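Data first, discussion second: the structure below is written as structure tokens.
The values are calculated or read from the model by the stated rules, or taken from the named source; none is laboratory data. These numbers were taken from a predicted model, which means no experiment stands behind them. Cβ placement follows ideal geometry from the backbone for every residue including glycine, while neighbour counts extend to all protein chains displayed.
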Amino acid sequence: MSSWRYPETAESLVSFEKGSPGMKKLREYDVHDEFLTEYGNASIKNAQQILDDAKILLSHKSFARAYFLAVAAIEEAGKAYMAFASRGRNLSDEGLKKKVQEMFENHSQKIGSAFAGWIAKSSNPRESVEAALDLMIHLKHGREKSMYVDANPDNSLSIPMEIVRPAATIDSVKVAENCLHHTKTHISENHPPSFSSFDDKLFCLRSEKIHEICNNDDFRGYLLSELKQTGRKFNFSKAIVTYHDKYFSRRKRFATKES
């Protein structure tokens, strides 16, 4: 993943889990441009400090704890990118501000967002995203196992210092270094992305609903129809939001209407 380029639709790629029924209640604070700028700067600074601590632990062969801190540094870099990108949202909308707050609380989204700047340098977007997704899965699963003792279904114990391999820790620290470096570079060299009303509405849709729509044959038919009509002006956010509003939410089928 040495040369990544961030695809135009990649904002949707870092929206993995929008929350869960068991998510804790959000704290009361206001989300606005100045706050997000300060939040992002503080997250970058904290990510560097956590990464430095991870390197110290790695030098003392405390592999499990170093791994955990490396993932924490990656999450802080992700928060910095989230804060940067969220400045392009319609922050006068209370629903959108709540979604931004939820995003800051989600481990998967923080890890995913940490790769955005790195992907921006890619010369092969598809290959880079696939590699990033694979890393994200490993980092997410390894995060808890590197810190806490847990019980397995066969009654054996998962003990951090026994299961975290030195090579995995070294790799995680390197990944954290790259995520932080590219996040800092991307933020310093770019303006926050501009989001349309369709982008914002897609951002607010639950991931489970988006997944259901995208795996619907009727939606695929609608998508092909839109592609034929709009050509290069095709907008995925507009397509999925429009399909949701006109058909999915009303339990109607595009194919039936058009046939």
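Applying the condition of being hydrophobic (A, V, I, L, M, F, W, C) and either over 20 Å from the mean Cα position of the chain (by Cα) or outside any helix (DSSP H, G or I) (or both) to segment 188-212 and asking which residue is surrounded by the most Cβ atoms within 10 Å (Cβ to Cβ) yields 195. Would you check if residue 92 is in contact with a Ser or Thr (Cβ under 7 Å, 6 or more places away or on another chain) and polar (S, T, N, Q)? No; evaluated as a whole, the condition is false for this residue. Counting just the residues of segment 143-165 that are part of a helix (DSSP H, G or I) and over 11 Å from residue 65 (Cα atoms), which one comes out nearest to the chain's Cα centre (by Cα)? My answer is 163. Assess whether residue 242 counts as being surrounded by 13 or more Cβ atoms within 10 Å (Cβ to Cβ), of a type in the set (S, T, N, Q) and assigned by TED's automatic domain parsing to the domain that holds residue 113. Answer is no for this residue. Being touching a Phe, Trp or Tyr at 6+ places or on another chain (Cβ under 6 Å) and either modelled with pLDDT under 85 or within 19 Å of residue 51 (Cβ to Cβ) (or both) narrows it down to one residue among 112, 88, 78; which is it? Being touching a Phe, Trp or Tyr at 6+ places or on another chain (Cβ under 6 Å) and either modelled with pLDDT under 85 or within 19 Å of residue 51 (Cβ to Cβ) (or both) holds for just one of 112, 88, 78, which is 112.
Condition check ((1) touching a residue at least 24 places away in the same chain (Cβ under 8 Å); (2) assigned by TED's automatic domain parsing to the domain that holds residue 87; (3) closer than 21 Å to residue 112 by Cβ) across all residues:
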{"site": "150", "(1), (2), (3)": "no, yes, no"}
{"site": "161", "(1), (2), (3)": "yes, yes, no"}
{"site": "218", "(1), (2), (3)": "yes, no, no"}
{"site": "229", "(1), (2), (3)": "no, no, no"}
